[in-house]
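Undergrad: My questions all concern the structure below.
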Amino acid sequence: MSVGRSTCLLAIVLGGLLVGHAQTAPMSSFRTVRLVASPIRWELAPGRRVVAWAYNGQVPGPILRVRAGEGVRIVVENRLPEATAVHWHGVDVPFPMDGVPGVTQAAIAPGGRFVYAFPAHPAGTRWYHTHADEVGQLDRGLHGPFVVDPQGERSADREYVLVLGSWVTGQGRPVRPSLPDGMMQGMRERMGIAGPPYDTFTVNGKAFPATPPLRVRRGERVRLRILNASGHAHFTLRLDGHRMRVTHTDGNPLQEPVEVDVLPMAPAERYDVEVVADRPGTWALHDTTPEVAAAGLRVQVVYEGYERAPPSPDPRPESSLRRWTYRLGRGVNTIPRPTSGRVLRYDLVLGWGMMMAPDRWTINGRAYPDTAPLRVRFGDLVRLRISNMSPDSHPIHLHGHSFRVLSWNGTAFPAPLIKDTVDVPSMGEVELEFVARNPGRWLMHCHKVLHMHGGMATLVVYE
Ligand code: C2O
Ligand code: CU
């Protein structure tokens, strides 16, 4: 990319800054990072080696960490054998920086590069990932955390970022993580919609027992930023012997922490939780489905002085445990007010092609790119009612905006959670609203890569 082109991109970024976010710091100091995407040899666990596709030679990619409002410039070099692009999930970037081939940019050809430059906001646990050939690229390792620190937040004594991943290595028996809806996976298997035959699950790129332990000290408050980067799998986490206090949903703060024992996570969701380290020993943080934990989704929390202790069992039966649901949280409203005076309403029905076309996933009966775009104007309040008439759940993600979750399966929320990805359960319904304040053409889609590829996507278009 030439110097001239990147200067032009910078001008667009500054334009976005002045229009939408006048309170953000001036962009005098662009921090520059280089991300090189390339195939690497990667060992998921002893003896389980794969060729991963990685950023900067590691899975997940490096943690990119900046202050809210700080300008970042990310030079992405593509050394993969196919085209790629990088999306900044949950970051309200200006439209040309959004990383969607065919919508916001041309895909970066092998050997090519692209410079992404934008002010990082809002604060919170965000992430970045490939947005080209997601079916082939996302579960190969092309994802990483992007942490935006707020100005002046009380920090925890210790912090870990945990990126959950799923792999098809062909070196083990496929395992189907269960969904929160209780429908038998065998049923989905017969319908041909059970998802990729994952056989290995990872925490920060390693499968247990190769996952590096999380070391803590008695009395500490430990913050975990957890990201489900899987292209299809739901995970359900539990930390033996401890409760988790959920403090943020998709990076956005709750009014007060919610104590739970079990944390279900749909693809692309993030939760920040705080754990008070008050039970010295060695404990497992793991998926509640034993086969999933056995296939790698497990990491040990080890207190100082207990390095040699065997993991303690947690005798509490699962039925006695408190499980996170959207109903439990009260969000802090971080979304500015609409300015146009218009309220738009759209009804979206998520559908499936049935046994005749099990790979087809639709919105209002049509598959992307034939779906009808949602037309909005700057300043509008946009309400979506999303009904899921298909036999799988759909974590719906909107690019460029966070939204309020107004209701879930008929329960209205007095203090809506702020999220950018909401899991719409099979035969369920979710209402959400966002304020149109970031002009462009924004993708909205299911984050399960097979569903997205099968057509469950549309555009929000500013006119
Ligand atoms: Cu996380 Cu369209 O992506
Ligand atoms: Cu879906």
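What follows is calculated from the coordinates using simple rules that are stated; it is not laboratory data. Just so you know, these numbers come straight off a predicted model, no measurement behind them. Neighbour counts are summed over all protein chains in view; Cβ atoms, including those assigned to glycine, are modelled from backbone coordinates with ideal geometry.
Undergrad: In whole angstrom, note down how far apart the Cα centers of segment 170-191 and segment 123-151 are.
TA: Segment 170-191 and segment 123-151 have Cα centres separated by 25 Å.
Undergrad: Using the number of other C-beta atoms within 10 angstrom as an exposure proxy, rank VAL59, VAL147 with the fewest first.
TA: If I rank by nearby Cβ atoms, fewest first, I get VAL147, VAL59.
Undergrad: Would you list ASP392, ASP240 from fewest to most Cβ contacts within 10 Å?
TA: Ascending number of Cβ neighbours within 10 Å: ASP240, ASP392.
Undergrad: Dipole size in debye (nearest 20) for the chain around its Cα centre, Lys and Arg Cβ +1, Asp and Glu Cβ -1?
TA: Rounded to the nearest 20 debye, it is 540 debye.
Undergrad: Moving to a separate point now. What is the local net charge at GLU291, summed over the other residues whose Cβ is closer than 12 Å to its Cβ (Lys, Arg +1; Asp, Glu -1)?
TA: +1
Undergrad: Here's a follow-up. If R₀ is 25 angstrom, what is the calculated FRET efficiency for the pair GLU291 and SER319, using the beta carbon separation as r and rounding to 0.05?
TA: According to the calculation, E is roughly 0.80.
Undergrad: Enumerate the calculated ³J(HN,Hα) couplings along segment 130-147 in order (Karplus 6.51 cos²θ - 1.76 cosθ + 1.60, θ = phi - 60°), each rounded to whole Hz, writing x wherever the residue is Gly or Pro.
TA: With coefficients 6.51, -1.76 and 1.60, one gets 4, 10, 10, 5, 4, 4, x, 9, 5, 7, 8, x, 7, 7, x, x, 10, 9 Hz.
Undergrad: Less than 12 Å Cβ to Cβ from VAL66, Lys/Arg counted +1 and Asp/Glu -1: what total charge do the surrounding residues give?
TA: Counting the neighbours of VAL66, the net charge comes to +3.
Undergrad: Still on this structure: Looking at the chain only, what percent of DSSP beta bridges run antiparallel? Nearest 5 please.
TA: Percent antiparallel among DSSP bridges in the chain is about 75.
Undergrad: Over the chain, what is the mean sequence separation of C-alpha contacts under 8 Å (at least six apart), divided by residue count, expressed as relative contact order in percent?
TA: Taking the mean separation of contacting Cα pairs over the length of the chain, I get 13 percent.
Undergrad: So what is the calculated 222 nm ellipticity per residue for the chain, using -39500 (n - 2.57) for each DSSP H run with n of 4 or more, over all residues, to the nearest 500 deg cm²/dmol?
TA: It lands at -2000 deg cm²/dmol.
Undergrad: Let me ask something additional. Let me spell out the model: positive unit charges on the Cβ of Lys and Arg, negative unit charges on the Cβ of Asp and Glu, origin at the Cα centre of segment 343-462. What dipole size does that give, in debye rounded to 20?
TA: Taking the Cα centre of segment 343-462 as origin, the dipole is about 360 debye.
Undergrad: Let me ask something else. In a shell of Cβ-Cβ distance under 13 Å around ARG245, excluding ARG245 itself, what net charge do Lys and Arg (+1) and Asp and Glu (-1) give?
TA: -2
Undergrad: Same structure again: Given the C-alpha centroids of segment 400-458 and segment 315-394, what is the distance between them in whole angstrom?
TA: Going from one Cα centre to the other spans 4 Å.
Undergrad: Amide H neighbours of VAL161 under 5 Å, at least 5 residues apart or on other chains, H built in the peptide plane: list them.
TA: ARG225
Undergrad: Separate question: Once phi is turned into ³J(HN,Hα) by the Karplus curve 6.51 cos²θ - 1.76 cosθ + 1.60 with θ = phi - 60°, what whole-Hz value does each residue of segment 294-307 show in order, with x for glycine and proline?
TA: Once rounded to whole Hz, the list reads 5, 8, x, 7, 7, 9, 9, 9, 10, 6, 4, x, 10, 4.
Undergrad: Can you work out the Karplus-derived ³J(HN,Hα) for every residue in segment 280-288? Use 6.51 cos²θ - 1.76 cosθ + 1.60 with θ = phi - 60°, whole Hz, and x for glycine or proline.
TA: x, x, 10, 9, 9, 9, 7, 6, 6
Undergrad: Order by neighbour count: LYS206, LYS419, fewest other Cβ atoms within 10 Å first, most last.
TA: Ascending Cβ contact count within 10 Å gives the list LYS206, LYS419.
Undergrad: Of the GluC sites (Glu not before Pro) in segment 49-99, which ones lie in a loop per DSSP and count no more than 15 other C-beta atoms within 10 Å?
TA: Sites meeting the loop and neighbour criteria: GLU82.
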